[in-house]
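First up is the structure itself, then whatever we jot down about it.
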Amino acid sequence: KEGQAQWQAVLDADREAVDAQYLRTDGPDEFELYGFMLETRGGNYSAHLQYDKALADFTRLIELYPQKARGYFRRADLYLSMDQFELAAADIVKSLELLPGYTKALEVRARMNLLQKKYEQAVQDADVVLAGKTERRAVIQRIRGFALRGLGRSKEAFESLLESAKLKPFSASDLKSRMIMQGYYPENVETSLEDARFINGLMACAIDPQC
């Protein structure tokens, strides 16, 4: 509780600073700065699960810059965290209309498709992102791997998740929690022999990339 109170104090102070910046807005440079600060504050609120405040900031960002794709992408990402898939999809469409091939929007759509078990579409989006330039290759490979696993393509899934582990190593416990989250490793149900080998192999390679 003490930690939460400290974070809340930081966020509240941040809100005051951002709003104060808006009051000082007196030209395009300052206006752009306010948009950046809005986006940053919204991201902080989202990270601390204060979705209503994050939504207000991202919506305000869109109102200020309706022709920029970034605001729609940020709000779509937030809607996805809130399990509001239809709203997320609408913002992704708008974001890609404004900036075709926008990799951040495609990543959000890939995650949304994965969560909705639209595995083929998730793989397609992941492949498009991986074919271009992205700093989040490890994350995209992980999304792709789970989607391939959902399609029953275990060998390809293993290779994709292993590539993710090489790019950004993760612990066996982290991997297992992700597998549980995606429904491939039931917490209280005995897994099949194939699943056990698949998961154990990934865990071993996550710890030792030279496996």
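Is it the case that V128 is part of a helix (DSSP H, G or I), open to solvent by 80 Å² or more (accessible area, probe 1.4 Å), closer than 23 Å to A88 by Cβ and at pLDDT 50 or above? Walk me through how you get there before you give the answer.
Details: part of a helix (DSSP H, G or I): yes; open to solvent by 80 Å² or more (accessible area, probe 1.4 Å): yes; closer than 23 Å to A88 by Cβ: yes; at pLDDT 50 or above: yes.
It is true that V128 is part of a helix (DSSP H, G or I), open to solvent by 80 Å² or more (accessible area, probe 1.4 Å), closer than 23 Å to A88 by Cβ and at pLDDT 50 or above.
Could you tell me whether segment 54-74 includes any residue that is among the polar types (S, T, N, Q), free of Cβ contacts under 8 Å to residues at least 40 places away in the same chain and within 21 Å of V139 (Cβ to Cβ)? Checked segment 54-74: no residue is among the polar types (S, T, N, Q), free of Cβ contacts under 8 Å to residues at least 40 places away in the same chain and within 21 Å of V139 (Cβ to Cβ).
Residue under question is E107, and the condition is that it be within 18 Å of E159 (Cβ to Cβ), in contact (Cβ under 8 Å) with a residue 24 or more places away in the chain and not aliphatic (A, V, I, L, M); does it hold? Spell out how you get there, then give the answer.
Values: within 18 Å of E159 (Cβ to Cβ): no; in contact (Cβ under 8 Å) with a residue 24 or more places away in the chain: yes; not aliphatic (A, V, I, L, M): yes.
Answer is no for this residue.
Picking from L23, L33, L49, L98, which residue would you name as being modelled with pLDDT of 90 or more, over 30 Å from E156 (Cα atoms) and of a type outside the set (S, T, Y)? Going through L23, L33, L49, L98 in turn, just one is modelled with pLDDT of 90 or more, over 30 Å from E156 (Cα atoms) and of a type outside the set (S, T, Y): L98.
The number of residues in segment 55-104 being buried (at least 19 other Cβ atoms within 10 Å of the Cβ), under 15 Å from the mean Cα position of the chain (by Cα) and of a type in the set (A, V, I, L, M, F, W, C) comes to 6.
The values are calculated or read from the model by the stated rules, or taken from the named source; none is laboratory data. Here the structure is a predicted model, which is why all the values come from computation and not from measurement. Neighbour counts are summed over all protein chains in view; Cβ atoms, including those assigned to glycine, are modelled from backbone coordinates with ideal geometry. What goes into the accessible areas is simple: the full protein's heavy atoms, side chains included, and nothing from ligands, DNA or RNA. Shrake-Rupley method; radii C 1.70, N 1.55, O 1.52, S 1.80 Å.
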